[in-house]
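As structure tokens, the structure follows; a few thoughts come after it.
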Amino acid sequence: MKRIFCLATLAAFSVAHADLTIGSTAPALKVANVVKGKAVNLSKGLHVVEFWATWCGPCRQSIPHLTQLAKKYKGKVDFTGVSVWENGKDQLGQVKKFVAEMGATMDYNVSFDGDAKYMTKQWMEAAGQNGIPASFLVKDGKVIWIGHPMAGLEETIDQVLKGTYDVAKAKKALDEERKQAELEAKAQKELSGLLKDFNTAIKNGDMDGATSELEKVIKDKPAYKWMLMPSLLQIMCSNGDARQNNVANELAQHFWDNGMELNTLAWTLIDPDSNNKSADPKVALKIATRANELTKGENAMVLDTYALALWKNGMKAEALAAQTKAVDLAKKMKGQEELVKDLQSRLDMYKKG
């Protein structure tokens with residue numbers, strides 16, 4: 001289970017110019033093939049148009065959620081999933097096979113974009129959407145919401161049906177989000193130049209050199225400090241640098257009210273897949289305890305980290321109790337069999353301990 005900061009080469013990325021936004025007239029629902037259900041008319045009523053691909057793991061996780069929403073809003077909202085960005089020769093065949101295998105867990109209209117890629121160009125590219133799954137909520141032919149299907153879609157539909165949804169406010173929020181993304185893209189472009197020597201050191205396996213280069217950039221460009229410090233911590237952990245504990249403490253102070261960031265910090269220090277002998281388990285426990293407090297002891301992954309920190313500090317009974325709860329919570333999460341297996345393996349270890 002990986003919950004560590006990315007140590008991969010830092011590179012620049014771009015943000016596509018977005019012409020399709022909230023308030024825009026929705027493009028046509030023009031697909032090559034209808035694989036399941038029917039083609040719908042977007043000019044009237046409330047519709048969800050969701051983009052996905054057979055190879056996309058997050059898409060597979062969101063599909064059952066969309067099915068639940070389709071059942072919840074039956075007769076009020078139409079749901080259409082459009083397959084895009086497929087790979088291989090028989091792409092339509094892949095989509096048909098996937099949909100058949102999903103069966104009742106993918107119980108809504110499903111279409112395939114096809115070689116013309118109309119949906120890709122007129123929807124995804126026009127809206128500056130570079131990742132899937134991505135959803136568009138359309139009302140009477142107008143786009144009124146754009147986002148991840150598992151992050152705000154249900155709440156938005158509820159507001160629309162109740163008549164409390166503020167389209168203007170939503171557009172303003174999306175515009176701000178896109179503006180921030182553009183600023184981040186510019187920062188990443190500058191960073192790709194600043195980190196040239198760092199990236200070379202990483203590619204050559206020179207962790208000492210990578211550490212020095214990253215520290216130099218952080219010192220010369222303090223505006224990027226909190227963006228780069230997590231990577232510095234991971235390098236130090238992988239290299240057994242004892243200064244990692246000071247860096248972890250500094251990062252913890254900065255992220256003290258962010259439970260998930262703190263969880264990642266603690267895990268980076270005590271990741272059982274690493275051979276980090278320089279981490280101070282007390283530092284990890286302090287950070288993990290705070291993360292667990294912020295998530296009110298109800299997050300399986302945070303509890304897993306907390307339990308491991310307790311175990312490494314010799315608090316075995318407490319670790320066993322926390323891990324037991326983590327497993328119980330994970331079992332209630334749909335589509336998380338691998339997570340349950342991973343947490344259970346640590347629980348078994350604690351029981352044998």
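Derivation of every value follows stated rules applied to the coordinates shown; laboratory data play no part. No experiment lies behind these values; they were computed from the predicted model shown. Every residue, glycine as well, gets a Cβ built from its backbone with ideal geometry; the counts of neighbours run over all protein chains shown.
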Which lysines, if any, have their Cα less than 19 Å from the Cα of Lys89, not counting same-chain residues under 8 positions apart? Lys97, Lys117
Extension gain Ala185-Ala173, at 0.36 nm per residue separation less the Cα-Cα distance, in nm? 2.5 nm
How long is the gain from Lys332 to Thr25 if the chain were fully straight, where each residue apart is worth 0.36 nm and the alpha carbon distance is subtracted? 106.5 nm
The set of residues whose placed amide H lies less than 5 Å from the amide H of Ser24, leaving out same-chain residues fewer than 5 positions away, is Val143
Using a basic spin-label model with each label point 7 Å from the Cα along Cα→Cβ, how many nm lie between Thr105 and Asp220? 5.0
Which one, Leu303, Gly314, Leu262, is farthest towards the positive end of the dipole of region 260-353 when Lys and Arg carry +1 and Asp and Glu -1 on their Cβ? Gly314
Please find the FRET efficiency linking Ala151 to Lys196, where r is the Cβ-Cβ separation and R0 is fixed at 35 Å, and quote it to the nearest 0.05. 0.50
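Can you give the extra length, in nm with one decimal, that the chain gains between Lys117 and Asp166 once fully stretched, where that is 0.36 nm per residue apart less the Cα-Cα distance?
Gain on stretching Lys117 to Asp166: 14.5 nm.
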Mind checking which lysines have their Cα closer than 26 Å to the Cα of Lys325? Skip sequence neighbours fewer than 8 apart in that chain. Lys2, Lys282, Lys286, Lys296, Lys312, Lys316, Lys334, Lys341, Lys351, Lys352
Report the label-to-label distance for Met227 and Ser43 in nanometres (one decimal), using points 7 Å from each Cα along the Cα→Cβ vector. 4.6
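Applying 1/(1 + (r/R0)^6) with R0 = 56 Å to the Cβ-Cβ distance of Asp257 and Lys76, what FRET efficiency is obtained, to the nearest 0.05?
0.90
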Cα→Cβ-extended label distance, 7 Å offset, between Lys142 and Lys282, nm: 6.1
So if we plug the beta-carbon distance of Asp348 and Ala242 into 1/(1 + (r/R0)^6) with R0 = 25 Å, what FRET efficiency do we get, rounded to 0.05? 0.20
